[in-house]
């Protein structure tokens, strides 16, 4: 992304955080990515039929099929696909052949990770928390999802990486400002001792 969008500054840690939340880095269920970066069995999410409940306890969006089942094997409703869990229509719009193998495959972690980065960069510089929040919310329209990705990002920030010569170029660009998560709902006012 440094070459494609030098002013974006999306970090690998953010992409890893999304991958962690979306598919446990390709290990959701009994899944595992092969050495070529593809799962043995394709990652296909739950039906977006407006009735299925997701991991956050929310009913899914209602998205009728946009890909004739090409990516998700479902001719009726869309399902998120691949280790980065792209909706087929979004994949069609953003897909990138990151490993230059001639195939743009949402199941390929290389293609999916770079496509996710490009999608996030569409929301502006990722050095700013407000852009970061809006971009991740755009990836999955749920405040709880954004908070889960932020928690995964915080874990990634604590990773200790080996130092390399010239590692200044590899250091992550952290968004400016203080992270303040948006509450799902307003908390109740505390009761004081005088009111009891």
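The values are calculated or read from the model by the stated rules, or taken from the named source; none is laboratory data. What you are looking at is a predicted structure, and each value in this text was computed from that prediction instead of being measured. Cβ coordinates were reconstructed from backbone atoms using ideal geometry, including for glycine residues, and neighbour counts include every protein chain displayed.
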Would a scan of the stretch 138-148 turn up a residue that is surrounded by fewer than 18 Cβ atoms within 10 Å (Cβ to Cβ) and either modelled with pLDDT of 95 or more or closer than 19 Å to residue 3 by Cβ (or both)?
no
Conditions (1) at pLDDT 90 or above; (2) under 19 Å from residue 83 (Cα atoms); (3) in contact with a helix residue (DSSP H, G or I) (Cβ under 9 Å, 6 or more places away or on another chain); (4) part of a helix (DSSP H, G or I) -> residue 110 fails only (3)
Subset of the stretch 62-82 [assigned to a loop (DSSP other than H, G, I, E, B) and either out of contact with any strand residue (DSSP E or B) (no Cβ under 9 Å at 6 or more places or on another chain) or within 26 Å of residue 34 (Cα to Cα) (or both)]:
66, 67, 68, 69, 70, 71, 72, 73, 74, 75, 78, 82
Could you list all residues from the stretch 37-53 that are outside any strand (DSSP E or B) and touching a residue at least 40 places away in the same chain (Cβ under 8 Å)?
37, 38, 42, 43
Any chance the stretch 83-98 includes a residue that's part of a loop (DSSP other than H, G, I, E, B) and farther than 22 Å from residue 132 by Cβ?
yes
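From the list 111, 105, which residue is surrounded by 21 or more Cβ atoms within 10 Å (Cβ to Cβ), out of contact with any strand residue (DSSP E or B) (no Cβ under 8 Å at 6 or more places or on another chain) and free of Cβ contacts under 8 Å to residues at least 40 places away in the same chain? Step through it out loud before you land on a result.
On the way: 105 fails: free of Cβ contacts under 8 Å to residues at least 40 places away in the same chain.
It is 111.
Residue 20: touching a strand residue (DSSP E or B) at 6+ places or on another chain (Cβ under 7 Å), within 21 Å of residue 105 (Cα to Cα), surrounded by 13 or more Cβ atoms within 10 Å (Cβ to Cβ) and at pLDDT 90 or above, yes or no?
Working: touching a strand residue (DSSP E or B) at 6+ places or on another chain (Cβ under 7 Å): no; within 21 Å of residue 105 (Cα to Cα): yes; surrounded by 13 or more Cβ atoms within 10 Å (Cβ to Cβ): yes; at pLDDT 90 or above: yes.
It is false that residue 20 is touching a strand residue (DSSP E or B) at 6+ places or on another chain (Cβ under 7 Å), within 21 Å of residue 105 (Cα to Cα), surrounded by 13 or more Cβ atoms within 10 Å (Cβ to Cβ) and at pLDDT 90 or above.
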Members of the stretch 37-82 that are under 20 Å from residue 95 (Cβ atoms) and surrounded by fewer than 11 Cβ atoms within 10 Å (Cβ to Cβ)
68
